Amino acid sequence: MNKNVKGSNSNAFNTPLLLVCNKQGEIFEIPHLLMTGTSVSEVRLPTQDELIPMPDGSELFILPGRRPIGFDPVKNELVTLTEYQGEEVFAVAAFVAPAHMQFLHASFLKLEAAVDLPIFCYTAVGWRKNKFYVTAIRVDEDERQDAKHFNNQLITKNANSFLKKYSHNRLVVHLIENCVKQYCCPAARNYVMSRWEAPLPSSPGCNSRCVGCISEQSKDSGITSPQHRLTFIPTPDEIAEIAVSHLENAPKSVVSFGQGCEGEPLMVADVLEAAIILIRNQTSKGIINLNSNASRPDKIESLCRAGLDSLRISINSFQPHYYNQYYRPVGYQFNDVIESLKMARKYNKWVSLNYFIFPGFTDLPSEMNALENIIQTHGINLIQARNFNFDPQLFITKMGLNSIDEKPIGLINWYRHMRNKYPQVHIGYFNPHNINKDV
Ligand code: SF4
């Protein structure tokens, strides 16, 4: 751990206070210690421009078996806190609301007996002037997943009327019974509100074995996947019934294949192709988007020809060895992903990256060079800066990030660099609804 704290005294006095939690689950601030944030192995004070009030829709997490690390501005040193006023204390983190990119992870010392954390994101959070502050920035002004738009009563009422109207459609039943009622999926909730982006999960299978898969984890991984994978393949008619009514009636309408509750949609590309043709025979409205691991360029070509409008490629790194370590591909290679990107560009389709943001890795010069090489060589339209949902210290160990002999530039500098050097590439969070399909 880095004992010499950078920029310690200069901005210490505006820095929010350290937050901790006791055994009763009560979260409170430590009056003499400041919050810190972590970037792989560096623990430091956040800078003022890295801090924002915690956005609505964020959640606070207590981190069991982990001691909080604060900064003592008087002694000018980091302090790992075990107890406060005789009470044992634990670390606290924020799961920041959608549309926000994190800059630093919460700082903590993991105790030997501590269990791995579930598949969420753990951002640094502190307390100042009666407010929670997080190290993050809003990267997308689109409000489709803002908490203020989700009225549970109305959503439940609409969900039940959808169930009545579409009881014959297995996919609608899955979206309502699982995605709306169990997983509280914002896309499924927007579907029953007939607005913005709706999900079209379709595939029980996948040809990746992602370390952090949210729909399926192997028994020996010791990690619980927060969602259960779809168990059936919907028919093109079932998909088209949902998509056409949504594209026709919803404002800013997008329908997206590739959701958290399924495997890889390209595994059932023939069904998607038939569904897209059915949809475009009935409506030209809105956007048909594919969220994918982009493992099969041949299937991407057939979907582009059928009328797909945009492709979002999920990816943790453009360095093949880190890609392979995380995705553990089965029957495809990293280069197939790049070929799929090129294929979508060949058909002038909008290409987004679902780019996993990990403080201390994403902002490494080697990773930035790899990303910039893709932008310069093939071109992309949008980087969706998605906070990587995984136990940060477990990820560092699994990916061997502690042995990297490079210094990250800081995610706020990564953000500024990408925006200044590539103004043609949007940095956002959501699949766009207003792309020009006639390019
Ligand atoms: S590509 Fe998606 S469904 Fe497949 S293993 Fe990775 S996260 Fe899971």
Residue ranges of helices (runs of 4 or more DSSP H) in the range 136-226 with at least 2 members more than 15 Å from the ligand (Cβ to nearest atom) and open to solvent by 60 Å² or more (accessible area, probe 1.4 Å): 152-165
Lone qualifier among N436, N431 - being in a loop (DSSP other than H, G, I, E, B) and either surrounded by 18 or more Cβ atoms within 10 Å (Cβ to Cβ) or in contact with a Phe, Trp or Tyr (Cβ under 8 Å, 6 or more places away or on another chain) (or both): N431
Positions within the range 88-135 being assigned to a loop (DSSP other than H, G, I, E, B) and touching a helix residue (DSSP H, G or I) at 6+ places or on another chain (Cβ under 8 Å), in sequence order: A97, P98, F103, L104, D116, L117, Y122
Out of S352, S317, sole residue that is more than 13 Å from the ligand (Cβ to nearest atom) and either on the phi > 0 side of the Ramachandran plot or without any contact (Cβ under 8 Å) to a residue 60 or more places away in the chain (or both): S317
Single residue of the range 282-314 satisfying the filter (open to solvent by 40 Å² or more (accessible area, probe 1.4 Å) and within 16 Å of the ligand (Cβ to nearest atom)) that is farthest from the chain's Cα centre (by Cα): K299
Output for the range 387-414, where each listed residue is in a loop (DSSP other than H, G, I, E, B) and under 20 Å from the mean Cα position of the chain (by Cα): F388, N389, F390, D391, G410
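Rundown of residues vs (1) buried (at least 22 other Cβ atoms within 10 Å of the Cβ); (2) out of contact with any Pro (no Cβ under 9 Å at 6 or more places or on another chain); (3) charged (D, E, K, R), yes/no style:
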residue: Q24; (1), (2), (3): no, yes, no
residue: H32; (1), (2), (3): no, no, no
residue: T36; (1), (2), (3): yes, no, no
residue: G70; (1), (2), (3): yes, yes, no
residue: V74; (1), (2), (3): no, yes, no
residue: Q85; (1), (2), (3): no, yes, no
residue: V92; (1), (2), (3): yes, no, no
residue: A97; (1), (2), (3): no, no, no
residue: Q102; (1), (2), (3): yes, no, no
The range 390-405: number of residues that are farther than 18 Å from N324 by Cα and crowded, with 18+ Cβ neighbours inside 10 Å: 3
Within the range 231-281, considering residues that are within 16 Å of the ligand (Cβ to nearest atom) and part of a helix (DSSP H, G or I), the one most open to solvent (accessible area, probe 1.4 Å): M267
Index of the failed condition, Y326 passing every other in (1) over 18 Å from the mean Cα position of the chain (by Cα); (2) within 16 Å of the ligand (Cβ to nearest atom): (1)
Neighbours by Cβ (under 8 Å, 6+ apart or cross-chain): first from the range 258-281, in the same structural domain as I315 (by TED's automatic domain parsing) and under 15 Å from S215 (Cβ atoms); second near the ligand (Cβ under 10 Å from one of its atoms) and open to solvent by 50 Å² or more (accessible area, probe 1.4 Å): G260/I214; G263/E216
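The values are calculated or read from the model by the stated rules, or taken from the named source; none is laboratory data. Quick caveat, the model's predicted, so the values are computed rather than measured. Virtual Cβ from ideal backbone geometry, glycine too; neighbours counted across all protein chains shown. Accessible surface is based on the protein model in full, side chains and every heavy atom, while ligands, DNA and RNA are left aside. Shrake-Rupley method; radii C 1.70, N 1.55, O 1.52, S 1.80 Å.
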